[in-house]
Structure formats: structure tokens, C-alpha cells
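First up is the structure itself, then whatever we jot down about it.
Derivation of every value follows stated rules applied to the coordinates shown; laboratory data play no part. It should be emphasised that the depicted structure is a prediction, and the values quoted were computed from it without experimental measurement. No Cβ is skipped: glycine too gets one built from the backbone with ideal geometry, and neighbour counts run over all protein chains shown.
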Amino acid sequence: MILPLALPFLLLGFLLLLGLLVLMVELRILTYAYRKIGVAPRYMLAVLVLTLVGGHFNIPLYSVAVPGLVPSETVTILGRTYLVPPAIEPRTTVVAINVGGALVPVLLSVYLFFRTGLHARMLLGTAIVAVVAHAFARIVPGVGIALPMFIPPLAAALVALVLSRRRAPPVAYVAGSMGTLIGADLLNLGRVAELGAPVLSIGGAGTFDGVFLTGIIAGLIV
């Protein structure tokens, strides 16, 4: 009589424990990666929380009038399904910046840019990754810009190893993060009318994963 009732609770407990272990492993990997990039230990937790939680928040910058918006539905591109959000204002696209996918990476990149002194290598690496990201970026009607998630971090890692073998992690992070934001999002801002998206999030939608993975891979390449 007791076993049938206890079994679901045992299964639930096992799943919760497994999820906790996975979370701990992921946090340790993230902590190690950001330490290799050059983030001071006392700031690591704040950076991680702002990146992960901030990915769900957008800060509006300005609005653009467009001929029409794509109705709310799901759109599949590059093997991923995106949900078109409801319109905020009729025939208007709100351009915003994503906290976790753009604001935090930009601030961290500026910090690393001045802290490491690898100015020329970071600028050149950013330019190269921006060209690559722009070439692979795709318009997702109603959602924004999509990009294969492994393209930016792998391109950034390769570029960083060529430009600065001994100090590759910070170069890879800056080149990957800034190159992705510039190549995929900023260089496509002029195509807002084609998107028909209620919100165009810089660093959000289809580019967040690429920017986030860049931070992890950048810290693990050497």
C-alpha cells in the first residue's frame, strides 16, 4: 500500500537531485570560464546572475513605424522555433537592448578592453567575427535576427588563438560578443521594416545563445 504512493515522490526527489547536480556542474563551468576571461572572483556571481536573468529583460531604446507586423504565431528557422510576441503598438517596432545578451557583454567587453591592453587584437578580432556573424545572420519575420549559436564562439576562439595565443580567452570573449552584436544585430537595424516584429531586441532572440556561449567557450579554449 505504501510503495505505489512513495514511488512518484522518490522519482520526483531523484529528478530534483539530478537537476541540482547539473546546475552545480554548469555553475562551476561558468565560474571557471569567466575567471579565465579575466573577471575578478568578487564580481563573477553578479556577472553570471545578470547574464542569465537579464536575458529575459529588454530596455526600450526607440520606436520605428513599419508597414505592418507579423501576427503572433511560432516561426521555425535554423532548426529552432521562436514565438512571435504580441504587438505593443500597432504598426510599430520597438527597438530595445537585451540586458543579459547585450548590455552585460558590452560593459564586460569595455572592462576587458581597457584592463588587458590588447586593444588592436580585440578590435581586429571583433571586425573579423562581425563579418562572419553578418554572413550567417538570418531575418526571422516577427522575431528578429537569428544566428547559428555555435558560429560566433567558434569563430571567436579561432581568431583569438591566431591573434593572441597566450592571452586568447579575453580576446575571444570581446571579439565574439562584440562581433556578434555588431555583425548580426547592429548591421541589420536598417532592415527593421522587413522584420515586422513588435520588438527588435539587440542581443536577444536568436543572438543571445551565441553571445552567451561565446563567454563559455572563450574561457575554455586554453
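Pairwise inverse Cα distances across the stretch 181-222, averaged and inverted, put the Kirkwood hydrodynamic radius at 11.6 Å. Length available on full extension from Y32 to R165: 0.36 nm per residue minus the Cα-Cα distance, which gives 46.0 nm. Each peptide in 163-175, 135-147, 39-51 gets a packing score, the mean of other Cβ atoms within 10 Å over its residues, and the list from highest to lowest is 163-175, 135-147, 39-51. Note on the stretch 133-219: with charges restricted to the Cβ of Lys and Arg (+1) and Asp and Glu (-1), its dipole about the Cα centre is near 340 debye. Summing charges over neighbours of G203, with a neighbour being any other residue whose Cβ is under 13 Å away from its Cβ, gives -2 when K and R count +1 and D and E count -1.
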